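Quick notes on the structure that follows.
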Amino acid sequence: MKLNVKINGKKFDLEVNPNAMLIDVLRDAGFKSVKNGCSEGSCGACAVMIDGRPKNSCIILAGQVQNSEILTAEGLGNPETPHILQRSFVDHGSTQCGYCNPGSLISVKALLDKNPKPTEADVKDALDGNLCRCTGYVKRIEAVLDAAKIIQKGTKGKK
Ligand code: FES
Ligand code: FES
């Protein structure tokens, strides 16, 4: 099938098997930030935003996202112009091996888009489905709360 989607704001017209998993379609299209940790919807490493909602792309078929808008971590920022959340993850030591970070960043971007002043409980809830073997979970919560404050002040970086 022809899959028409917007990925990180750009239109794509991809020839795909409708039964292919979205994670594979995205990685084949070059979006390597989308990671495979479990292939069964339980680790969050493959999370992407689909029409504004975070979803695990390893349990979504390509045929289910026709005409959707997808955001991957590549669409947040890059090393030269990182998103405030990305910079805050680095500043707070919330990235070690980094494997979980793209999915976690997508989950918290979705949170801040709908709730710019989250509580610690809100952040914990948003990251509930994103497993991390390295950082002990506390630092990424601090990173998100700090990023939310910076975004509200509108002082630096990009939202
Ligand atoms: Fe998709 Fe783990 S790889 S949830
Ligand atoms: Fe290694 Fe999270 S930083 S799994």
* In region 54-69, which residue that is over 10 Å from the mean Cα position of the chain (by Cα) and not in a helix (DSSP H, G or I) is nearest to ligand 2 (Cβ to nearest atom)? -> Ile60
* **Considering residues of region 1-16 that are part of a strand (DSSP E or B) and open to solvent by 60 Å² or more (accessible area, probe 1.4 Å) only, the residue nearest to Asp51 (Cα to Cα)** => Lys6
* Please specify each residue of region 87-128 satisfying the condition of being part of a helix (DSSP H, G or I), β-branched (Val, Ile, Thr) and either in contact with a helix residue (DSSP H, G or I) (Cβ under 7 Å, 6 or more places away or on another chain) or in contact (Cβ under 8 Å) with a residue 24 or more places away in the chain (or both). => Ile106, Val108, Val123
* Hey, does region 38-55 have a residue that's more than 16 Å from ligand 1 (Cβ to nearest atom), closer than 19 Å to Ser107 by Cβ and without any contact (Cβ under 8 Å) to a residue 24 or more places away in the chain? -> yes
* Asked: Listed residues Lys35, Lys55; which is open to solvent by 70 Å² or more (accessible area, probe 1.4 Å) and either at pLDDT 95 or above or among the charged types (D, E, K, R) (or both)?
  -> Lys55
* Structure fact -> Restricting attention to region 64-74, the residues that are more than 16 Å from ligand 1 (Cβ to nearest atom) and open to solvent by 40 Å² or more (accessible area, probe 1.4 Å) number exactly 4
* Just for region 75-86: of the residues that are under 19 Å from Ile151 (Cβ atoms) and either β-branched (Val, Ile, Thr) or open to solvent by 70 Å² or more (accessible area, probe 1.4 Å) (or both), which one is farthest from ligand 1 (Cβ to nearest atom)? -> Thr81
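The values are calculated or read from the model by the stated rules, or taken from the named source; none is laboratory data. Since this is a predicted model, take the numbers as computed values, not measurements. All Cβ positions, even for glycine, are placed from backbone atoms using ideal geometry, and neighbour counts span all protein chains on display. Note: areas computed on protein heavy atoms with side chains; ligands, DNA, RNA excluded. Shrake-Rupley method; radii C 1.70, N 1.55, O 1.52, S 1.80 Å.
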